[in-house]
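The structure under discussion appears below in the form of structure tokens.
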Protein chains: 2
Amino acid sequence: MNDLCDKPIVGLNIPAAVGMTLAEVCTPALIVDLDAFESNVATLRSRLQSAGVRLRAHSKTHKSVDIARYQIEQGGACGICCQKVAEAEVMVAGGIGDVLVSNQVTDPGKIDRLARLALKARLLVCVDDPANVEALAAAAGRHGATLECLVEIDCGARRCGVEPGAAAVAIADKIAASGGLEFAGLQAYQGAAQHIRSFDERRTALDSAIRQTRDTIDQLAGAGLSCDIVAGAGTGSYYFEAGSGIYNEMQCGSYIFMDADYQRVLDQNGAGISEFSNSLFVWTSIMSKTRELEAVCDAGLKVLSADSGLPVVYGRDDIEYTSISDEHGVLADPHNRLRLNDKLKLIPGHCDPTCNLHDWYVGIRNDRVECLWPVSARGMAF
Amino acid sequence: MNDLCDKPIVGLNIPAAVGMTLAEVCTPALIVDLDAFESNVATLRSRLQSAGVRLRAHSKTHKSVDIARYQIEQGGACGICCQKVAEAEVMVAGGIGDVLVSNQVTDPGKIDRLARLALKARLLVCVDDPANVEALAAAAGRHGATLECLVEIDCGARRCGVEPGAAAVAIADKIAASGGLEFAGLQAYQGAAQHIRSFDERRTALDSAIRQTRDTIDQLAGAGLSCDIVAGAGTGSYYFEAGSGIYNEMQCGSYIFMDADYQRVLDQNGAGISEFSNSLFVWTSIMSKTRELEAVCDAGLKVLSADSGLPVVYGRDDIEYTSISDEHGVLADPHNRLRLNDKLKLIPGHCDPTCNLHDWYVGIRNDRVECLWPVSARGMAF
């Protein structure tokens, strides 16, 4: 405490410096257990290699150029997915050469940016509307760019995507006939199935998605259109798509970090998904302890997204995070063990929107800060 | 669409440029109706002046130096509140001269930063622990600074704060006896009462808080300690504290913006709080429309905090936001009126954590962008 001036200054939005001990990292910070993270990356690489399918890792989870590069260089990824043009701009600027915007881009200004970006990297985009095909083709033509297009089908999530079958073939036809565009295949992501708890119910949802995707592939073939890419899957379902015989690009994102909600998704043995372990935590301090059986920590809604439930205290079955407000969490402390300035690791309820709240990942190995990675595309929602 | 190059470039994290029409603002962006915002600021100023109490506006809502300055220069605020040392650092750097950290600061590194900041501005902080008094005094002494301290009492919210009465007096005594510290009064914020729907139930909660605060003031007086500041209140309760005869500083934050949850809080006539109107919206576009009775917009969890419920579509009783995911919202469109690229204003469920997701406020008047304000302390959680 008396030699603070001899240490790297942290504060404002910078929680740590390389070389600090974990105990010295400012709270509330987003920390990554690098051993667990690297193990998760290696596990999925090996599983997908065995299944003979590609990984196009989803960067919406992490929004980090450093992590995207690691997924490509070490994790077997052929490229990445983004959800927003602005995310893609950041990733291409960071040296990523193969980017799928796994989402519709329909705004004229964004379409223009997408076409310009396609001059710098391989760019793919999802389409579910015929008028959108025309707008994309016009922009590609204007800039002399090529945009590869996946037709997105709604295979059960009821979000974006046209109906499987004839509607999808009509859009694919239109893409194939448009200068500046190339028909590259199908986007068939069953997002609503990722967090279904029961393995059997998840299988039922995926069986249906796979059947609809197969039917659409067949109808496309009947129209003389072949799919280089059949894409979809997430951390909760890739097991099914990878074994389907028709999907060839997996878009898993959360597998690198996991979160409290994904831990409630069960495998075929009724246990939690066990091949990936928690590598992402919010590091928090006790900042008020005035009641015997409760304590208050400094991590609330501005550093933890509560949409999928409250965070879980890592490695401490005796402590429960019971309520959240903007800057505080109340913890049940039934054995009155917590003291002021004690520090805890919280497993976020939902990793993606939690990462988007932070400016930095603090990479930890052997209780030391090994690296700081900027959340390069944080806030890039446009 | 063909003359995009003649327009200011937006993209990455910049949604707009001054002079654009609202229709041209990139989505999903955080927009402020400047007329409604200014009217809200003027309304609270006038109400608190009539009640003879001060406003210390809470900057946790907006995290914006521009808005804080406006609240002081135009809104009658004597200063501002922050929740984090990093927020206070940003506000002092932005020229704010009177800042209460309405929260506990117990980490040694943060205490050091707080004491250094007190050399540049009037700094007040809340305390609920005797050992924390010693640590604050040591830091103030080390830097030759003065920290004014409010003893925080738990008057019903069960978050931070000591029990009212003797425990509070003991801490106040210790502050008064510590070099570098000044005892400035009480923090008595009933945070749990702000969103109670029923006026009568809210009054019951506040009656109890006011009674406990008055008792503590009396016990402090018995110990020879007087309270320059008796602070608390929020947008949902200031009516009670301002009329209590004992509170003299109101800490309202949300009144400048309002949100969907505050609209569900009722006044004494059983109507919604009517003195403030919605000035804060997330501007969103329809980016997929493949089903007759639904549409998908581009504003999800990364631009809207869902902790207090889903957003409400402003001015459109015919459209309902029915489900949220990371980058999407699904809208019920029972009359099939929405079309691709239509734009809507969404009232966030909860304003504070929503603002913290954005980098810019886009200020709108008469359908034109009048200003861009950075969310200066966004992500400043340390």
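Check A:Ile229, A:Ile246 and return the single one that is modelled with pLDDT of 95 or more and in contact with a Gly (Cβ under 6 Å, 6 or more places away or on another chain).
Numbers: A:Ile246 fails: in contact with a Gly (Cβ under 6 Å, 6 or more places away or on another chain).
Checking each option against the conditions leaves just A:Ile229.
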**Message:** Take the conditions modelled with pLDDT of 95 or more and under 19 Å from the mean Cα position of the chain (by Cα) and apply them to B:Glu24. Does it pass?
**Reply:** no
**Message:** I want to confirm something. Restricting to region A:235-286 and keeping residues that are in a loop (DSSP other than H, G, I, E, B) and over 30 Å from A:Leu186 (Cβ atoms), which single residue is farthest from the other protein chains (Cβ to nearest Cβ)?
**Reply:** A:Asn269
**Enumeration of residues in region B:361-379 that are in contact with a Phe, Trp or Tyr (Cβ under 7 Å, 6 or more places away or on another chain) and within 11 Å of another protein chain (Cβ to nearest Cβ)** = B:Val375
**Request:** Could you tell me which of the residues A:Thr284, A:Thr322, A:Thr354 is modelled with pLDDT of 95 or more and surrounded by fewer than 19 Cβ atoms within 10 Å (Cβ to Cβ)?
**Result:** A:Thr322
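Does A:Ala145 fit the bill of being aliphatic (A, V, I, L, M), in a loop (DSSP other than H, G, I, E, B) and either within 14 Å of another protein chain (Cβ to nearest Cβ) or in contact with a Leu (Cβ under 8 Å, 6 or more places away or on another chain) (or both)?
Answer is yes for this residue.
Please go through region A:302-319 and pick out each residue that is among the hydrophobic types (A, V, I, L, M, F, W, C) and either at the interface with chain B (Cβ under 10 Å from one of its Cβ atoms) or in a loop (DSSP other than H, G, I, E, B) (or both). Steps first, answer last, please.
Of the residues in region A:302-319, the ones among the hydrophobic types (A, V, I, L, M, F, W, C) are A:303-304, A:306, A:310, A:312-313, A:319.
Of everything in region A:302-319, those that are among the hydrophobic types (A, V, I, L, M, F, W, C) and either at the interface with chain B (Cβ under 10 Å from one of its Cβ atoms) or in a loop (DSSP other than H, G, I, E, B) (or both) turn out to be A:Val303, A:Leu304, A:Ala306, A:Leu310, A:Ile319.
Take A:Gly309 and decide whether it is closer than 27 Å to A:Ile256 by Cα, without any contact (Cβ under 8 Å) to a residue 40 or more places away in the chain and of a type outside the set (Asp, Glu).
Values: closer than 27 Å to A:Ile256 by Cα: yes; without any contact (Cβ under 8 Å) to a residue 40 or more places away in the chain: no; of a type outside the set (Asp, Glu): yes.
It is false that A:Gly309 is closer than 27 Å to A:Ile256 by Cα, without any contact (Cβ under 8 Å) to a residue 40 or more places away in the chain and of a type outside the set (Asp, Glu).
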**Request:** Name, by its number, the condition in (1) crowded, with 24+ Cβ neighbours inside 10 Å; (2) within 14 Å of another protein chain (Cβ to nearest Cβ) that does not hold for A:Leu340.
**Result:** (1)
**Complete:** The one condition A:His195 fails out of (1) touching a residue at least 60 places away in the same chain (Cβ under 8 Å); (2) surrounded by fewer than 19 Cβ atoms within 10 Å (Cβ to Cβ); (3) more than 11 Å from chain B (Cβ to nearest Cβ) is (3)
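Yes/no per residue for (1) over 21 Å from B:Leu136 (Cβ atoms); (2) free of Cβ contacts under 8 Å to residues at least 12 places away in the same chain:
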site: B:Phe183; (1), (2): no, no
site: B:Asp200; (1), (2): yes, yes
site: B:Thr216; (1), (2): no, no
site: B:Phe240; (1), (2): yes, no
site: B:Cys252; (1), (2): yes, no
site: B:Asp259; (1), (2): yes, no
**Complete:** Scanning region A:287-301 for residues that are within 8 Å of chain B (Cβ to nearest Cβ) and assigned to a strand (DSSP E or B), the one farthest from B:Leu136 (Cα to Cα) turns out to be A:Glu294
**Prompt:** Mind checking which residues of region B:181-192 are crowded, with 20+ Cβ neighbours inside 10 Å and either small (Gly, Ala, Ser) or closer than 18 Å to B:Thr216 by Cβ (or both)?
**Reply:** B:Phe183, B:Ala184, B:Gly185, B:Leu186, B:Gln187, B:Ala188, B:Tyr189, B:Gln190, B:Gly191
**Request:** Determine whether A:Ala168 is over 25 Å from A:Asp207 (Cα atoms) and buried (at least 20 other Cβ atoms within 10 Å of the Cβ).
**Result:** no
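The values are calculated or read from the model by the stated rules, or taken from the named source; none is laboratory data. None of the values given here were measured: they were computed from a predicted structure. Note that each Cβ is placed from the backbone with ideal geometry, even for glycine, and that neighbours are counted across all protein chains shown.
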